[in-house]
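S.K.: Submitted below is the structure of interest, expressed as structure tokens.
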Amino acid sequence: MNKISTFDVARIRQDFPGLNQTVWNCPLIYFDSAASAQKPQCVIDEIGNYYELYTSNIHRGAHRLSEIATAKYHDARAYVAKFLQIADAGQVVFTRNTTEAINLVTHCLGKIYFKAGDEIILTAMEHHANIVPWYLLSKEKNLTIKVAPIFDDGSLDLEGLMALFNEKTKFFAVAHASNVLGTINPIKKLVALARSYGVPTLIDGAQGVHHVPLDLKAVDPDFYCFSGHKAYGPSGIGVLYGKSTWLDRFPPYQGGGDMIEKVSFSDITFLEAPRKFEAGTPNIEGALGLKKALEYIDGIGLHKIHEYEKSLHDYALGHLHEMKRVRIVGSAEEKVSLLSFVIDGVHPHDVSTIFDRHGIAIRAGHLCAEPLMARLGVTALSRASLAFYNTYEEIDRFVSTFKQVFEVFKL
Amino acid sequence: MNDILDLYQELIVDHSRSPKNFGELLVKSHYARGHNQLCGDIIDLDILVKDETVDAVAFHGDGCAISKASASLMTESIKGKTLAEVRHLFEAFHQMLTSDDAQASLGKLDVLKGVRQFPIRVKCATLCWHTLNAALTRKTERVTTE
């Protein structure tokens, strides 16, 4: 396995104050970025700047601070559009997170699109965020959910997926990358496949947008969503990209201030998308911080990030493969930099407690993907998720900590 | 790092690997299922109460070492006890894991004292006890530690 020496990770780590601390008297090793990533100083500063310098509401008040905040909020939306490589910032709706973005879509589709008996296709590797909203909708509208199978290595079974499409199929929703298996799905191909059956597609980009170079115009899905906090930005801010043909037809998601054109008690007209979907004062500082996070990613470059993270992943995988008692879950060809694993005879919760006492943060549990756990035949997993601020040395320390797990549990 | 060894004492590891009273009771008077949302641990607890006394108890389910060992030790410690004694033990055990006050020894259960240093794991150790409480009071068939 070749280490990449040209990636200046030492320099990058200086930008992330959260990495520079000790946990239980050990230098922190943060291997839980897939749950929520550390923030660069520029994101933290931007949020502070908003509070210190231009706290005000947007879209109202003809005063200087509101003017600045409003402009910055619109700049943030424009930057998201640029980051996703789409031409029209009007297709970018700010939400709280990926979950809210998907709920917005299911809510609105329920009002204008689905009828009883329609079928929706999901995949076996979806996060609860891309299952539960569809489940709720299916109960409300009498829809059927079909589940595309995966292979044992964690990749999507394309033939199995194709076999599910029929004249009743009305929607397809799929993860860009799996938060458990790491699998990067061939989204361009999947969108085209669904479209060949006349079926629109939503992509849950929560685990993909900040790891994989993406040209959304080329992928051309109907919807794409992601969360700020996993992409080195603030929590409480997320993005829904939607094709204008959908957003224009959608009714409002929530009602309130900031989304209306004219209001009386008997008649209300609404603003156009995206503001039609942003009722009330939005997460202004979240949008501003998200822009900084995406700028930071662009500053390094997603191609470089992807290449370095892949080498970290392969380096860690090589070491874990040498341990007989460790079973890796998810070994698709194309993966983001996360490793889920099971240690025979040790519960993941106990594994993460031991790692935690060594200052190493990893995730344990069902990872918000219970149907996938059932498919894999496990109740819980451990997961180490890596980001571009992690190092080969951290992986060495992570790998050597397995020894204590084996010792404590007499393996 | 040494408190790892306080937590995972040999007795705990042994009980988690070979739990006592693991299985189901053919004849039971009380039952409840406990569920720890955080990690997905599930415990099914069967109890046979005769004359206000725990005559037999068994558990099964899937969980971490702490929750399994705690359930195993709990079943050992309540068998033959009156319901009043069991309630008292539940409170004393809960206090041992959550309060600083020095407590009288709870016998074998003392081995779980180390869990106090791991606040997020306290729920693992108390899941079986909450389940027991629910089974005996028949509050609900399904318990969570939330």
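S.K.: Restricting the search to the range A:247-286, which residues are among the acidic types (Asp, Glu), under 19 Å from residue A:91 (Cβ atoms) and not in a loop (DSSP other than H, G, I, E, B)?
M.R.: Of everything in the range A:247-286, just one residue is among the acidic types (Asp, Glu), under 19 Å from residue A:91 (Cβ atoms) and not in a loop (DSSP other than H, G, I, E, B), namely A:248.
S.K.: Sort out which residues of the range A:331-346 are closer than 15 Å to residue A:383 by Cα, of a type in the set (A, V, I, L, M, F, W, C) and not in a strand (DSSP E or B), and write them in order of number.
M.R.: A:336
S.K.: Can you pull out every residue in the range A:32-59 that is in contact (Cβ under 8 Å) with a residue 40 or more places away in the chain and more than 27 Å from residue A:20 (Cβ to Cβ)?
M.R.: A:57, A:58, A:59
S.K.: Evaluate the range B:71-86: report whether one residue or more is of a type in the set (S, T, N, Q) and buried (at least 20 other Cβ atoms within 10 Å of the Cβ).
M.R.: Yes, the range B:71-86 contains a residue that is of a type in the set (S, T, N, Q) and buried (at least 20 other Cβ atoms within 10 Å of the Cβ).
S.K.: In the range A:340-368, how many residues are touching an Asp or Glu at 6+ places or on another chain (Cβ under 7 Å) and among the aliphatic types (A, V, I, L, M)?
M.R.: Going through the range A:340-368 one residue at a time, the tally reaches 2.
S.K.: Ok, one more. Is it fair to say residue A:268 is among the β-branched types (Val, Ile, Thr) and either touching a residue at least 60 places away in the same chain (Cβ under 8 Å) or in contact with a Phe, Trp or Tyr (Cβ under 6 Å, 6 or more places away or on another chain) (or both)?
M.R.: no
S.K.: Is the range A:322-330 home to any residue that is within 14 Å of chain B (Cβ to nearest Cβ), part of a strand (DSSP E or B) and surrounded by 19 or more Cβ atoms within 10 Å (Cβ to Cβ)?
M.R.: Checked against the condition, which is being within 14 Å of chain B (Cβ to nearest Cβ), part of a strand (DSSP E or B) and surrounded by 19 or more Cβ atoms within 10 Å (Cβ to Cβ), the range A:322-330 yields no hits at all.
S.K.: In the range B:75-96, which residues are touching a residue at least 12 places away in the same chain (Cβ under 8 Å) and under 16 Å from residue B:114 (Cα atoms)?
M.R.: B:92, B:93, B:94, B:96
S.K.: Another question about this same structure. Among the residues of the range B:49-76, write down those that are under 30 Å from residue A:344 (Cβ atoms) and of a type in the set (Gly, Ala, Ser).
M.R.: B:58, B:61, B:63, B:65, B:67, B:69, B:70, B:71, B:72
S.K.: Can you tell me which residue among A:116, A:173 is closer than 22 Å to residue A:94 by Cα and not hydroxyl-bearing (Ser, Thr, Tyr)?
M.R.: None of the others qualify; the one that does is A:173.
S.K.: Residue A:278 passes all but one of (1) exposed (fewer than 15 other Cβ atoms within 10 Å of the Cβ); (2) at pLDDT 95 or above; (3) more than 22 Å from residue A:36 (Cα to Cα); (4) of a type in the set (Asp, Glu); which number fails?
M.R.: The one condition residue A:278 does not meet is (1).
S.K.: Moving on. For the range A:108-150, how many residues meet the condition of being surrounded by fewer than 19 Cβ atoms within 10 Å (Cβ to Cβ) and not in a loop (DSSP other than H, G, I, E, B)?
M.R.: Selection size over the range A:108-150: 15.
S.K.: For the range B:122-134, indicate whether the set of residues that are surrounded by fewer than 16 Cβ atoms within 10 Å (Cβ to Cβ) and either modelled with pLDDT under 95 or of a type in the set (Asp, Glu) (or both) is non-empty.
M.R.: No: zero hits.
S.K.: Name the single residue that is surrounded by the fewest Cβ atoms within 10 Å (Cβ to Cβ) among those in the range B:41-60 being in contact with a helix residue (DSSP H, G or I) (Cβ under 8 Å, 6 or more places away or on another chain) and within 13 Å of chain A (Cβ to nearest Cβ).
M.R.: Per the stated criteria, the residue is B:43.
S.K.: Do we have any residue at all in the range B:120-130 that's touching a residue at least 12 places away in the same chain (Cβ under 8 Å), away from chain A (no Cβ under 14 Å) and assigned to a strand (DSSP E or B)?
M.R.: Within the range B:120-130, none of the residues are touching a residue at least 12 places away in the same chain (Cβ under 8 Å), away from chain A (no Cβ under 14 Å) and assigned to a strand (DSSP E or B).
S.K.: Which condition does residue A:309 not pass, out of (1) assigned by TED's automatic domain parsing to the domain that holds residue A:385; (2) more than 26 Å from residue A:228 (Cα to Cα), if it passes all the others?
M.R.: Against the list (1) assigned by TED's automatic domain parsing to the domain that holds residue A:385; (2) more than 26 Å from residue A:228 (Cα to Cα), residue A:309 comes up short only on (2).
S.K.: Considering each of A:81, A:101, A:35 in turn, give the residue that is of a type in the set (Gly, Ala, Ser) and touching a Gly at 6+ places or on another chain (Cβ under 6 Å).
M.R.: Every option except A:101 fails the conditions.
S.K.: Can residue A:162 be described as over 23 Å from the mean Cα position of the chain (by Cα) and of a type outside the set (Gly, Ala, Ser)?
M.R.: Yes; evaluated as a whole, the condition is true for this residue.
S.K.: Take the residues of the range A:363-405 that are among the aromatic types (Phe, Trp, Tyr) and assigned to a loop (DSSP other than H, G, I, E, B): which is surrounded by the fewest Cβ atoms within 10 Å (Cβ to Cβ)?
M.R.: Restricting to residues being among the aromatic types (Phe, Trp, Tyr) and assigned to a loop (DSSP other than H, G, I, E, B), the top hit is A:389.
S.K.: Would you confirm, using the coordinates I've provided, whether residue A:289 is assigned to a helix (DSSP H, G or I) and without any contact (Cβ under 8 Å) to a residue 60 or more places away in the chain?
M.R.: no
S.K.: Taking the range A:358-380 as the search range and keeping residues that are at pLDDT 95 or above and within 10 Å of chain B (Cβ to nearest Cβ), which one is farthest from residue A:128 (Cα to Cα)?
M.R.: That would be A:358.
S.K.: How many residues does the range A:383-411 contain that are touching a residue at least 40 places away in the same chain (Cβ under 8 Å) and either within 11 Å of chain B (Cβ to nearest Cβ) or of a type in the set (Lys, Arg) (or both)?
M.R.: The qualifying residues number 8.
For (1) touching a Lys or Arg at 6+ places or on another chain (Cβ under 8 Å); (2) more than 26 Å from residue A:156 (Cα to Cα), each residue gets a yes or a no:
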residue: A:313; (1), (2): yes, no
residue: A:331; (1), (2): no, no
residue: A:341; (1), (2): yes, no
residue: A:354; (1), (2): no, yes
residue: A:363; (1), (2): yes, no
residue: A:367; (1), (2): yes, no
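The values are calculated or read from the model by the stated rules, or taken from the named source; none is laboratory data. Quick caveat: nothing in here was measured; it's all calculated off a predicted structure. Note that we place each Cβ from the backbone using ideal geometry, even for glycine, and neighbour counts take in every protein chain shown.
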